[in-house]
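Reading through the structure tokens given below for one structure.
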Amino acid sequence: MRIASWNVNGLRAIAKKGFFEWVDDYDPDVVLLQETKCYANDLPDELREIPGFFTRFVSAKRKGYSGAAVFTRFEPDEWIDGLGDARFDKEGRVVSARFGDLIVTSAYFPNSQDGGTRLDYKLAFGRRMREFLDGHVADGRNVVLGGDYNIAHRPIDLARPDENKDSAGFLPEERAWLDELLANGWVDTWRRQHPDEKGVYTWWSFRTLGRQRNVGWRIDYLCVNEGFWPEVGETGIQDKVEGSDHCPVTIEVKNPK
């Protein structure tokens, strides 16, 4: 199973910037999307009902904000919308598909905002996410958590760590959440395979032309529970794929039984 996760920064917008061509070229089995910024019922048919894919969307109550989706070539045994907590589900941040004992989740983590004004909300979201993840593993399932975590984990994960030590996405509390996740049975798949690689990012600021200069942040991840790690093959960051201020991240895993 080939899985890709991509913050598209507006599904309608990226549909006009090569999204379908990327799907044809990469040929993913499951696509996890974040920041879709749409209601499913408002989408044209070619985005809501893509030939060859089963689709699921969750949306924020606030129009044009947030949103997540899953496109999959395999019909899931179950769709799971949200985290079961209205504080977060009203913002349309999480949607999952279950294939047998495998859960594949698309998650758009909150941004802690300038001055950390939403840091408490983000950390509460992280705690609820941990309950969701660990609960499924306790029930004997494996989980792939793909998405825009809005966290650069370590200095190696952003171009200018010293200048951003007080910036949203690199705050100590956010990084500590990811520390704790990875210390307690979860794997950052790309970093596990590329422990020392520098200069590889998944987000660049449009405003500062960061992509042209490769001044970016690695804030998009595909994490799995440690028990599922042996099933993971190649991982990738498709930093040459344009259309959004983020790029797709990918993994290949053995097909679920």
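Listed by chain and number, the lysines whose alpha-carbon sits under 26 Å from that of Lys63, ignoring those within fewer than 8 places in the same chain, are Lys16, Lys17, Lys37, Lys90, Lys122. Each Cα pair under 8 Å and six or more residues apart adds its sequence gap; the mean of these over the residue count of the range 128-177 is a relative contact order of 28 percent.
Across the range 2-253, how large is the tail of the calculated P(r) beyond 23 Å, expressed as a percent of all Cα pairs? Above the 23 Å cut-off, the range 2-253 has 46 percent of its Cα pairs. Return the whole-Å distance between the Cα centroid of the range 62-104 and the Cα centroid of the range 149-217. Using only Cα atoms, the two centres lie 24 Å from each other. How high is the relative contact order of the range 5-73, given as a whole-number percent (alpha carbon pairs under 8 Å, six or more residues apart)? Averaging sequence separation for qualifying contacts and normalising by length gives 36 percent for the range 5-73. Using the Karplus relation 6.51 cos²θ - 1.76 cosθ + 1.60 with θ = phi - 60°, the per-residue 3J(HN,Hα) values for the range 73-88 come to 6, 9, 5, x, 6, 6, 9, 10, 8, x, 10, x, 9, 4, 4, 9 Hz, with x marking Gly and Pro.
Measuring nothing but how far apart in sequence close Cα pairs (under 8 Å, 6+ apart) lie, relative to its length, the range 2-253 scores a relative contact order of 20 percent. Rounded to the nearest 5, what % of DSSP beta bridges with both residues in the chain are antiparallel? The antiparallel proportion sits near 75 percent.
Readers should treat all values here as calculations from the given coordinates under stated rules, not as data from a laboratory. Bear in mind the structure is a predicted one, so any value in this text is a computation, not a measurement.
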